[in-house]
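Have a look at the structure below, then the notes.
What follows draws every value from the coordinates through simple rules; no lab data is involved. Here the structure is a predicted model, which means the values were calculated and not measured. Neighbour counts run over all protein chains shown; Cβ positions are idealised from the backbone, glycine included.
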Amino acid sequence: PKARVVVVGGGYGGAIAAKYLTMADPDLRVTLIERNPVYVSCPLSNEVLSGERDIDSLTFDYRGLTRRGIAVMGDEIIEIDPEQRFVRGKGGARYNYDKLILSPGVAFDFGAIDGMSAELADSSIPHAWKAGPQTLLLRKQLEAMPDGGVCAIVAPPNPFRCPPGPYERAAQIALYFSHHKPKSKVMIYDAKDAFSKQGLFQAGWKEHYGDMVEWVSAAAGGAIEAIDPDSMTLTGVVEDFQADVINLIPHQRAAQIAVDNGLVDDSGWCPVDQQTFASTLQPDIHVIGDAAIAGAMPKSGYSANSQGKVCAMAVAAAINGESPPAPSYVNTCYSILAPDHGISVAGVYELKDGEIVSVPGAGGLSAPDADARTRAIEVQFALDWYRNITADMFT
Ligand code: FAD
C-alpha cells in the first residue's frame with residue numbers, strides 16, 4: 001500500500017497541501033485533520049467590519065476535498081508521536097502517518113499586554129485575528145458605538161499574520177464611520193515604527209477619510225503595555241488612551257500544537273528547511289504557513305498557499321525516492337481601502353543558500369501616483385484573487 005500523509009490544519013496552507021499531494025501522486029493516502037467543521041477566511045474579513053460583506057461569503061466546507069479522495073477528519077490534534085509516527089485527537093483517535101504536514105496557524109500571546117486574556121478577547125475586547133465570532137462581535141460593537149466615539153486598534157510587533165491587515169482594517173472601519181458616524185475616529189496604537197505599504201496606506205486614508213484615521217508609532221508613544229477593560233483605557237509607555245471600542249491584536253507565535261511538540265525555537269516560530277519545509281527540530285514533520293519561519297516571505301494566506309504546493313511536491317518526491325524539485329514561491333497581499341481603492345505588494349521568491357529570498361526586480365508595490373482607474377482595478381484584482389485562491393483550496 002502507498003504511503004500515508006497526514007495534514008493537520010485545513011486553512012490556507014493545509015487545504016492546499018492536502019489537495020496538491022493527491023495531484024502530485026494519486027496513490028498517496030491523504031488525511032486532512034481540522035478541528036472546525038467549516039473554515040472562515042481571514043482574507044476579506046475586514047470587509048465584514050465595514051458592512052461591505054457578510055461572513056457567509058467567507059465560509060467554506062470540506063466537501064470539495066472529500067470528493068478528491070482526501071479523508072477529511074473533524075478532530076483536534078493534541079499529541080504528536082514522532083517516534084511511532086502518529087498523531088492523536090482530543091477524543092483519543094489515533095492517525096498513523098509516514099509523513100506529517102502541519103499548517104496550524106498562529107497562537108496569541110495574551111500575556112504580553114497586562115490585563116489582556118483569551119476570555120476578554122472572546123467577551124469584550126475582540127482581536128478578530130481569526131475570522132469568526134470575534135469578527136461579528138467587533139462589528140456589533142462598532143454598530144453600537146455612538147457617533148463621535150473612538151475605535152482603537154492595537155497593532156502587534158513583527159512578525160505577525162498579515163502585515164498590512166491592521167491598516168486595511170483601519171480603512172474599512174473608517175469607511176463605515178464615514179457613512180454612519182462621521183464624527184468618529186480610528187486610532188492605531190502601534191508596537192512598531194513602520195508598517196507594510198505605509199506610504200500607500202497613509203495617502204489612501206487621507207484621500208478617503210481625511211483625519212479620521214490616525215496612526216501613533218511606537219516612537220510617538222503608541223506601544224501599549226496594559227489594558228483596563230472596565231474603564232476602556234490603554235496604558236501606553238508615555239500616556240494613557242481611552243476608547244469606546246478596542247480591537248487589541250495580540251503578539252503572536254506559532255500555534256499551540258507546534259509549541260507543545262518541540263517544533264518552535266526561541267523566537268516562538270518553527271524553523272524549517274526552507275526547500276522542503278521539514279522541521280529542523282523534527283525532520284519527519286513539515287511545517288508550512290504562518291507557523292513556519294520562511295525567510296523573506298510574509299505571513300499571509302498566499303504565502304501559505306505557495307508553501308503548501310512546494311511542500312506537497314517535496315513530500316511526494318521523498319516518498320517516491322526522488323529529490324525535491326527546485327522551488328519557486330510567490331505572494332501578493334491586496335488591501336482594500338475603499339470600494340474603489342485597492343493597493344498591493346507582490347513578491348516572487350527563490351531559494352538561495354538554503355534561505356527564501358526575494359527575486360530582485362520581481363514584484364513590488366502599487367505605484368504611489370497611480371490614477372483612480374488603476375486603484376479601482378486593484379479592488380477587482382483583490383476580489384478575483386480571493387475567488388481564485390478559495391477555489392484552489394476548496395474545490
Ligand atoms: P490558518 O489559515 O489559520 O489555518 C490553520 C488551521 O489549522 C485552522 O483552520 C485551525 O482550526 C487548524 N488547527 C490548528 N491547530 C489544530 C489542531 N491542533 N488540530 C486540528 N486543527 C487545528 N492573507 C492573504 O494572503 N491575503 C489577505 O488579504 C489577507 N487578509 C487577512 C486579513 C486579516 C484580518 C487577517 C487576520 C489575516 C489575513 N491574511 C491574509 C492572512 C491569512 O489569513 C493567514 O496568513 C493564513 O490564514 C495562514 O494560513 P495557515 O494555513 O498558516 O493558517
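Sort Ile293, Ile101, Ile356 by Cβ crowding within 10 Å, fewest neighbours at the top. Intermediate values should be presented prior to the final figure.
On the way: Ile293 20, Ile101 29, Ile356 23.
Exposure proxy ranking, most exposed first: Ile293, Ile356, Ile101.
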task = Report the FRET efficiency, 1/(1 + (r/R0)^6), for Ala362 and Asn388, where r is their Cβ-Cβ distance and R0 is 25 Å, rounded to 0.05.
result = 0.80
ask   = If you count the DSSP beta bridges with both ends in segment 172-293, what percent of them are antiparallel, to the nearest 5?
value = 60
inquiry  = What are the extents of the Cα atoms of the chain along their three principal axes, in Å, largest first?
reply    = 66, 45, 39
task = Go through segment 310-395 and name the GluC sites (Glu not before Pro) that are in a DSSP coil and have 11 or fewer other Cβ atoms within 10 Å of their Cβ.
result = Glu322
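Of the DSSP beta bridges with both residues in the chain, give the percent that are antiparallel, rounding to the nearest 5. Before the final figure, lay out the partial values.
Working: 39 of 72 bridges.
Percent antiparallel among DSSP bridges in the chain is about 55.
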query = Using a basic spin-label model with each label point 7 Å from the Cα along Cα→Cβ, how many nm lie between Asp260 and Ala296?
reply = 3.7
Extension gain (nm, one decimal) between Asp228 and Arg373, 0.36 nm per residue minus Cα-Cα = 47.7 nm
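With viscosity set to 0.692 mPa s at 37 °C, what whole-number translational diffusion coefficient in µm²/s follows for segment 89-202 from Stokes-Einstein and a Kirkwood radius over Cα pairs? Write down the numbers at each step before the final one.
Numbers: Rh = 16.5 Å.
For the chosen part, D equals 198 µm²/s.
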All-pairs Cα distance distribution in segment 76-133, expressed in whole percent, bin size 10 Å = 18, 33, 26, 21, 2
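If you rank Val357, Val245 by fewest surrounding Cβ atoms within 10 Å, what's the result? Don't skip to the answer; put the middle values down first.
Values: Val357 16, Val245 23.
With the sparsest Cβ surroundings first, the list reads Val357, Val245.
By count of other Cβ within 10 Å, fewest leading, how are Val259, Val8, Val30 ordered? Provide the component values of the computation, followed by the final result.
On the way: Val259 17, Val8 29, Val30 26.
Result, fewest neighbours first: Val259, Val30, Val8.
Give, in nm to one decimal, the length gained when the segment between Glu79 and Asp193 is fully stretched (0.36 nm per residue of separation minus the Cα-Cα distance). Don't jump to the answer; show the numbers that get you there.
Numbers: separation 114, 0.36 × 114 = 41.04 nm, distance 3.90 nm.
Net length gain for the segment: 37.1 nm.
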task = Would you please give the residues with an amide H less than 5 Å from that of Gln282, counting only those at least 5 places away or on a separate chain, with H modeled from the backbone geometry?
result = none
